[in-house]
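Presented below is the structure to which this report refers.
The values are calculated or read from the model by the stated rules, or taken from the named source; none is laboratory data. No experiment lies behind these values; they were computed from the predicted model shown. Counting neighbours? That spans all protein chains shown, and the Cβs are built from the backbone with ideal geometry, glycine included.
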Amino acid sequence: MRPEAQADAWMRARAAVWSQWIAQAQQPARGLTVEQAQRRVDSYRAIARDLTIARKLAPRSGATAALESLYLSTHSRIDTAAPHSSSSLLRLFRDEIPEVMATLRPTTLWLALLMLVCALAGWWLITTYPDLISLIASPAMIDRVEHGQLWTDNLLSVTPPAVLSLSILSNNILVSISAFCAGVLFGLGAFYIVAFNGLMLGAMFAFTHQHGLDGGLLQFVMAHGPVELSVICIAGAAGVALGESLIRPTLPTRRESFQYAASRIGRVLLACAILLIGCGLIEGFISPDPGIPFISRVIIGLLWWTLMLLFLSGRLFRRAPVS
Amino acid sequence: MDREQVRIAGLTGVEITLEVAGVGSRSFAFIIDWHIRVLAALAWFLMAALFAQGMQLKPATLGQIMGVPALAIYFLYHPILEMFTAGTPGKRMAGVRIVTRQGGTPSIGALLVRNLFRLIDSFPVFYLVGLLFCLFSEQRVRVGDMAAGTVLVLSDTERERSLRTLGAQLANTGLAPNVIELVNDLVQRWPWLDARARDDIARLVLVHVDASLSTETLVAMNDLELRRRLGALRAA
């Protein structure tokens, strides 16, 4: 038989089946029964077989192009991530995030130390050269402190707490994302962001101390600060790990190593975002409220920090072992 | 691996190639999307300003009511549309779509990571870092794509059109795929073919397709009638 006649006979024989596959491909993939899903996998194999034959018999035909498109759409439906269920979410918070956090722990501690050293450096710098505060604080902020008022005073009379929370938490999330993404500069970007935040913190405390307002600032940051600063260190550690995947790739290419690290470590950012939402709420509703005593703020700060440790270690989601 | 193609090794071992979207298609998609999100953010800003006109709000509150949602529209446009629809309007208009390096549909996590890295790609202005990466990287990817393991490919409109045509005509005409293709080709080229030659080809096709037509009937048909018969075959 001539090849054209062979192709013709074969396509005639397959026409009905192709029509069925095309109709099947137009149906949504969600809500299929196990049998239907199994049939779809079987038809995927059959499409591949027909595509191979069509490429051989009629390589430039429209039918081959149509089969390629059908194969591609069936492939992308089959080769796709499973939809997120409540159990996968639980697994993420109970197992996956704590596992990544365990690998990030030493770097997080080193970054916390770096932040502390930079905070001390900031304190020393402003105490020794007070004029340098103009590099860190805005003129309005400096003016206010020099007139004996903190920029956080009467915050609630200017902005409603909900709006304040939203604006603070979005700013904090942006800082954390920056610390993570800046890790792409071989980890150095993350170091800079953590160091700069530490420097600013120390400088602001030194500046307020010069005007006798450091107690007020400490009172303001006590409830939300410990978690907020810890989250910046964690996001920075995630960024450093990202940079390390480029410096010392664990997979054959740097690109693959970077992709693996980003997808694995990026999960920690989700936990960071959740913690920062909590910080934003505290900073919007509790921290600016002058009616809340210092001791209550310390307790809230400690409780929130303990909850953060339980959350990041996965203990919050683990069941007690059955005796 | 070819710099401009993504080779998808199917689960069955059959390979398919997709064309990687170049800097031009990417920029075109981005410019359309940028205009849409700027206009949407501005629309919110103006609407909020109009509604707040009569209210006695403090300037800071007013600024935040107008500004925060507008910024949310601007910054969440890409992640939300990419996660919950088939892509952004700009990408659809530019004929590009996001796939994983294996050709599959990217997960929500991958799309989130891809969008987080816009922070780096947009640095310092006008997506300069992203643009440079697209110009010089294999498969024209920006940093976000590298982190998420995604590639922007051209939507294969030619293949998709073939599938649509074949699907519709297989269901409606009951003709074999190669005959459908022949009829389609002939009808498309009809105006440019010599009248006598196209009539002869049309008669050959029709005698092949419709057994009820006798040779005499076909010979008696004029050019217009033959064209109408072929058109009816396609439309069926």
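Looking across segment A:8-24, the residues that are in contact (Cβ under 8 Å) with a residue 24 or more places away in the chain and within 10 Å of residue B:167 (Cα to Cα) come down to A:18, A:21, A:22.
Out of curiosity, is residue A:63 more than 40 Å from the chain's Cα centre (by Cα) and within 13 Å of residue B:167 (Cβ to Cβ)? Yes, satisfied. With respect to residue B:102, is the statement that it is in the same structural domain as residue B:148 (by TED's automatic domain parsing) and either touching a Cys at 6+ places or on another chain (Cβ under 6 Å) or assigned to a loop (DSSP other than H, G, I, E, B) (or both) true? Criteria met by residue B:102. Where residues in segment B:152-170 are more than 8 Å from chain A (Cβ to nearest Cβ) and surrounded by 23 or more Cβ atoms within 10 Å (Cβ to Cβ), which of them is farthest from residue B:17 (Cα to Cα)? If we take residues in segment B:152-170 being more than 8 Å from chain A (Cβ to nearest Cβ) and surrounded by 23 or more Cβ atoms within 10 Å (Cβ to Cβ), then B:169 is farthest from residue B:17 (Cα to Cα).
Taken together, the residues in segment B:129-151 that are surrounded by fewer than 18 Cβ atoms within 10 Å (Cβ to Cβ) and more than 10 Å from chain A (Cβ to nearest Cβ) amount to 4. The numbered conditions (1) in contact (Cβ under 8 Å) with a residue 40 or more places away in the chain; (2) touching a Leu at 6+ places or on another chain (Cβ under 9 Å); (3) over 20 Å from residue A:290 (Cβ atoms); (4) part of a helix (DSSP H, G or I) are all true for residue A:165 except (3). From the residues in segment A:17-33 that are more than 8 Å from every other protein chain (Cβ to nearest Cβ) and part of a helix (DSSP H, G or I), which one is farthest from the chain's Cα centre (by Cα)? Top of the filtered list is A:17. Give the residue that is surrounded by the fewest Cβ atoms within 10 Å (Cβ to Cβ), with candidates limited to residues of segment A:50-72 that are part of a helix (DSSP H, G or I) and among the hydroxyl-bearing types (Ser, Thr, Tyr). Looking at residues that are part of a helix (DSSP H, G or I) and among the hydroxyl-bearing types (Ser, Thr, Tyr), I get A:52.
Condition check ((1) closer than 17 Å to residue B:141 by Cβ; (2) in contact (Cβ under 8 Å) with a residue 12 or more places away in the chain; (3) away from chain A (no Cβ under 14 Å)) across all residues:
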site	(1), (2), (3)
B:9	no, yes, no
B:14	no, no, no
B:19	yes, yes, no
B:31	no, yes, yes
B:37	no, yes, yes
B:42	no, yes, yes
B:45	no, yes, yes
B:50	no, no, yes
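Of the residues that make up segment A:188-196, is at least one surrounded by fewer than 19 Cβ atoms within 10 Å (Cβ to Cβ), in the same structural domain as residue A:307 (by TED's automatic domain parsing) and touching a Ser or Thr at 6+ places or on another chain (Cβ under 6 Å)? Checked segment A:188-196: no residue is surrounded by fewer than 19 Cβ atoms within 10 Å (Cβ to Cβ), in the same structural domain as residue A:307 (by TED's automatic domain parsing) and touching a Ser or Thr at 6+ places or on another chain (Cβ under 6 Å).
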